[in-house]
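Report on the following structure.
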Amino acid sequence: MLRRGAIALAIGWIGSGLGCGRVAFEVRSDAGGDDAASDAAPARIAYVAPFVQRSPGGGPTDAFRAQAHAAGNAVVIQVSCAGPAVPTGVSVSAPGWTFTQLGPITASTQSSERSATFGAIAPDAVRTAVSVSWTGSACGSSKNHLGDEFAMTDPAGGMITFDGVSATEGTGDCIGSVRSGHAGDVVWAACNSQGSVRATGAGFTKGADDGVGDWAEYRITGDPVGTVEAVEFTNDNVGYVLSMVTLKPQ
């Protein structure tokens, strides 16, 4: 609110300036409130916690209990199966949840590691039973699950939330890239190693860790849409499968 003295000064200044043919009159408020809130930058995606970090041993199926911290949060998981046969399919399910497979199964050509990636939007914050089931392989050597939870993501799910997906395999350091689908995406990656991951890539923070050498990492970005995001883990000189996903903010 302008004080009376300020109004009088402004009117006087206007009157003195009319002869010059220009009037400059600016009113500012130092009261904050709704206007200040509307000018604030939009909230960015926030990392919450690991959703699953597990290596349950061999066999084509596994069940575990997990819980999201809030309804609407995004969960992204790499599931892996090690065995001589390349699996023909894999599913992840939980009561009330819809897990979407984000791309095909990727098989290492240098090891027995095979991985796929899934995304879901948490329907609630209730502890639930999650099942992972592989077909076409006994996963006789091992299985591994790496998953992380994020808040402030687009609640639509599917390929809207998980808007960039890529996977690759190789030997040595886990190296790849994924293209972001929206500005301000978070980049998430998981390396399923035949040996042990040693460090995250530059600018990344460690996420889930299954305790047997497989890690996830993430980086919250301010990058524009269509950015090719480089991903890397330091890894033993062994075969790996690298899964990469970008997540859209609200």
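The values are calculated or read from the model by the stated rules, or taken from the named source; none is laboratory data. Source: prediction; values computed, not measured. Heads up, the Cβs are rebuilt from the backbone with ideal geometry, glycines too, and the neighbour counts pull from every protein chain shown. Surface accessibility is based on the protein's heavy atoms, side chains included, excluding ligands, DNA and RNA. Shrake-Rupley method; radii C 1.70, N 1.55, O 1.52, S 1.80 Å.
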Among (1) in contact with a strand residue (DSSP E or B) (Cβ under 7 Å, 6 or more places away or on another chain); (2) under 25 Å from Ser91 (Cβ atoms); (3) open to solvent by 10 Å² or more (accessible area, probe 1.4 Å), there is one condition Gly239 misses while meeting the rest; what is its number? (3)
When Ala107 is evaluated against the numbered criteria (1) more than 21 Å from Val212 (Cα to Cα); (2) in contact with a Lys or Arg (Cβ under 6 Å, 6 or more places away or on another chain), which criterion, by number, is the only one it fails? (1)
Need a quick list: strands (runs of 3 or more DSSP E) entirely within segment 65-173 having at least 2 residues that are hydrophobic (A, V, I, L, M, F, W, C), crowded, with 21+ Cβ neighbours inside 10 Å and at pLDDT 95 or above. 74-82, 89-93, 113-121, 128-135, 142-151
Based on what the data block shows, is Val178 in contact with a Lys or Arg (Cβ under 8 Å, 6 or more places away or on another chain), open to solvent by less than 30 Å² (accessible area, probe 1.4 Å) and part of a strand (DSSP E or B)? no
What number of residues within segment 185-199 are among the polar types (S, T, N, Q) and open to solvent by 40 Å² or more (accessible area, probe 1.4 Å)? 1
Please state which of the following conditions Val241 fails to meet, knowing it meets all the rest: (1) more than 19 Å from Gly83 (Cα to Cα); (2) at pLDDT 95 or above. (1)
Give the residues of segment 52-84 that are out of contact with any Leu (no Cβ under 9 Å at 6 or more places or on another chain) and among the hydrophobic types (A, V, I, L, M, F, W, C), sorted by residue number. Ala63, Phe64, Ala66, Ala68, Ala70, Ala71, Val75, Cys81, Ala82
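Rundown of residues vs (1) in contact with an Asp or Glu (Cβ under 9 Å, 6 or more places away or on another chain); (2) part of a strand (DSSP E or B); (3) hydroxyl-bearing (Ser, Thr, Tyr), yes/no style:
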position: Lys206; (1), (2), (3): yes, yes, no
position: Ala216; (1), (2), (3): yes, yes, no
position: Val225; (1), (2), (3): yes, no, no
position: Ala230; (1), (2), (3): no, yes, no
position: Thr234; (1), (2), (3): yes, yes, yes
position: Val245; (1), (2), (3): yes, yes, no
Candidate set from segment 208-236 (those that are in contact with a Cys (Cβ under 7 Å, 6 or more places away or on another chain) and not aromatic (Phe, Trp, Tyr)); member that is surrounded by the most Cβ atoms within 10 Å (Cβ to Cβ): Asp214
Thr205 vs. criteria open to solvent by less than 10 Å² (accessible area, probe 1.4 Å) and in contact (Cβ under 8 Å) with a residue 12 or more places away in the chain: no
